[in-house]
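So the structure is just underneath, and the comments pick up after that.
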Amino acid sequence: MRYNPGRDARWLLLRPWIAVPRILQIVWALSGLVLSLLIRGNSSDSKVQKNLARMLLRTLTNLGPCFIKVGQALSTRPDLIRRDWLDELTKLQDDLPAFSHDVALKTIEAELGSPADALFEEFPDCPVAAASLGQVYKARVHGQHWVAVKVQRPNLTFILRRDMVLIRSLGVLAAPLLPLNLGFGLGEIIDEFGRSLFEEIDYCCEADNADRFAALFADNPAVTIPTVERALSSRRVLTTSWIHGTKLRDRQELKSQRLDPAALIRTGVISGLQQLLEFGYFHADPHPGNLFALSGRSGDLGHVAYVDFGMMDSISDSDRLTLTGAVVHLINKDFEAVARDFQQLGFLAPNADLTPIIPALEEVLGGSLGDSVGSFNFKAITDRFSELMYDYPFRVPARFALIIRAVVSQEGLALRLDPQFKIIAVAYPYVAKRLLAGDTKEMREKLMEVIFDGDGSLRLERLQSLLDVVGKEQTQVGTELLPVAGAGLKLLLGRDGGDLRRRLLLTLIKDDRLDTTDLKKLTALMGRTFGPARLAQGMLQSLNPLAA
Ligand SMILES: Nc1ncnc2c1ncn2[C@@H]1O[C@H](COP(=O)(O)OP(=O)(O)OP(=O)(O)O)[C@@H](O)[C@H]1O
């Protein structure tokens, strides 16, 4: 069944015996919470705040899966929820009360056609994790390997249908009283939430998502996606290979397992950026309960695994490219281009006058960039953006709800492990490397857009800043400049570099005269950045694949 607020509202209106007791239960539970918030919400005492956070957690847990999901969504919004509450809310991720084991066994039998003990070599008496929509068992199949069997909570369709109508009505009624500036109506946000929730309860969808996601990362040894056991999966039971890892939750725990939090954050964030900016298909719920650190591969300290593919989303090719360009424009401090990017993405109306917006963007975003790109923080940006939204015609297009959620979750996860983490410090080198390597047609076009001006002249300072940022980044194998030099040379000399060579040649001709200033500066920049030895090494590296 799909989410349909109109149909479900009519359905509930005709069943007052279902609606009325539930409304009373919700109002009773929430009024206690609201009263405590009104009385003690402004207290600066950390103990009081902790108690309030616990009360919120208890209230949401008692109200069931739909409300738990609301809490989970809030737990990834440091812009809406106090930081000291977030820790408590993350307990909603997989530390919830389990449902009856007998009910789970009945669901398995009804869904898969045989009892659990006939299907599995070993099936435990209690789950290892109970999450909002299902509980997970660690079982063994006849081929001897371990699997995760997720069994859905009973009656979920009914519960979601009933509670979504009530949450939507409550949200729409309360919206004018709430000090929120979300950029679009609370009703729209709730609808987006409801749609994805109804998709999440069809585990066949989740199995397809997991397979699609696994195919994208098939060549990446640093990212593991569990394999779906189709014969042991259905709409309400999902069986996948077991991930033997440590949750990306606690820095100390990771360290005690000799796992390197910095390397894990890097793999996590880069794989997140790949999803958004390369694949156009992303995990919208990368919270610490859904990501594991894996050990055991020698020398590879940043190996992560994802679970829970219930909430995935796609991003269109044009949005994906605009976002990539926006990162570069932001770092180049080209705020006119950033304003145009916002317009293209739908954050500003197509006919909006950009003249007053450009300096405002510069003030908000320029300040956050600070002296170095490393000081950029998505949370700081969202805070400042909400100020802009009051004064300028900004709005957040509904299709960006899950993208923002994914980025904020990802950043929240990284901040948990490293409070100094800055997302742009990883995002920029990643984008810079892709641009300089020019390995796809779209990246080559973006590279040219960045390093050539509208009149065809070369913007050497931009090329310099791209090279600087890649050069500064230190990884376990040293700086990333050498592979980039190799890829860049391959591009320049190879079949795909035709356009780039033509544009470079054109910079030699100014006012119908030969002018080699730009070219000399370019050669000097290359010499400074790479040095002759590195350049020669890069050349060899680039010629090798060319010869092949
Ligand atoms: N393949 C796996 N290997 C190991 N543990 C797993 C696996 N799949 C799930 N788990 C564990 O079970 C927990 C719940 O699973 P999952 O997140 O898929 O359930 P959910 O009901 O969709 O949860 P959520 O409330 O996050 O939406 C995970 O956080 C993880 O601890």
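The values are calculated or read from the model by the stated rules, or taken from the named source; none is laboratory data. Since the structure is predicted, the reported quantities are computational estimates derived from the model, not experimental observations. Cβ sites come from the backbone with ideal geometry, for glycine too, and all protein chains shown count toward neighbours.
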Looking across the range 120-137 at residues that are surrounded by fewer than 21 Cβ atoms within 10 Å (Cβ to Cβ) and not in a loop (DSSP other than H, G, I, E, B), the single one that is nearest to the ligand (Cβ to nearest atom) is Ala129
Flagged in the range 315-357 as in contact with a Gly (Cβ under 6 Å, 6 or more places away or on another chain) and of a type outside the set (D, E, K, R), in numbering order, are Ile315
Just checking, which of Ser241, Ser233 is more than 10 Å from the ligand (Cβ to nearest atom), among the hydroxyl-bearing types (Ser, Thr, Tyr) and at pLDDT 95 or above?
Ser233
Of the residues in the range 29-47, those that are surrounded by 10 or more Cβ atoms within 10 Å (Cβ to Cβ) and not aliphatic (A, V, I, L, M) come to Ser31, Gly32, Ser36, Arg40, Gly41, Ser43
Output the residues belonging to the range 300-330 that are hydrophobic (A, V, I, L, M, F, W, C) and within 16 Å of the ligand (Cβ to nearest atom).
Val304, Ala305, Val307, Phe309, Met311, Met312
Answer with yes or no whether Glu206 is assigned to a helix (DSSP H, G or I), under 26 Å from Gly64 (Cα atoms) and within 10 Å of the ligand (Cβ to nearest atom).
yes
With respect to Leu273, is the statement that it is hydrophobic (A, V, I, L, M, F, W, C) and within 16 Å of the ligand (Cβ to nearest atom) true?
no
What is the number of the single condition among (1) more than 22 Å from Arg236 (Cβ to Cβ); (2) of a type outside the set (Phe, Trp, Tyr); (3) at pLDDT below 80; (4) within 11 Å of the ligand (Cβ to nearest atom) that Gly71 does not meet?
(3)
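Residue by residue, here is whether (1) within 16 Å of the ligand (Cβ to nearest atom); (2) part of a loop (DSSP other than H, G, I, E, B); (3) of a type in the set (A, V, I, L, M); (4) not assigned by TED's automatic domain parsing to the domain that holds Arg405 holds:
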| position | (1), (2), (3), (4) |
| --- | --- |
| Lys106 | no, no, no, yes |
| Glu109 | no, no, no, yes |
| Ala139 | yes, no, yes, yes |
| Gln144 | no, yes, no, yes |
| Val149 | yes, no, yes, yes |
| Pro154 | yes, yes, no, yes |
| Gly171 | no, no, no, yes |
| Phe198 | yes, no, no, yes |
Under 6 Å between Cβ atoms, which residue pairs at least 6 apart in sequence (or on different chains) link something in the range 266-282 that is farther than 11 Å from Ala414 by Cβ with a partner that is modelled with pLDDT under 90 and among the β-branched types (Val, Ile, Thr)?
Leu277/Thr324
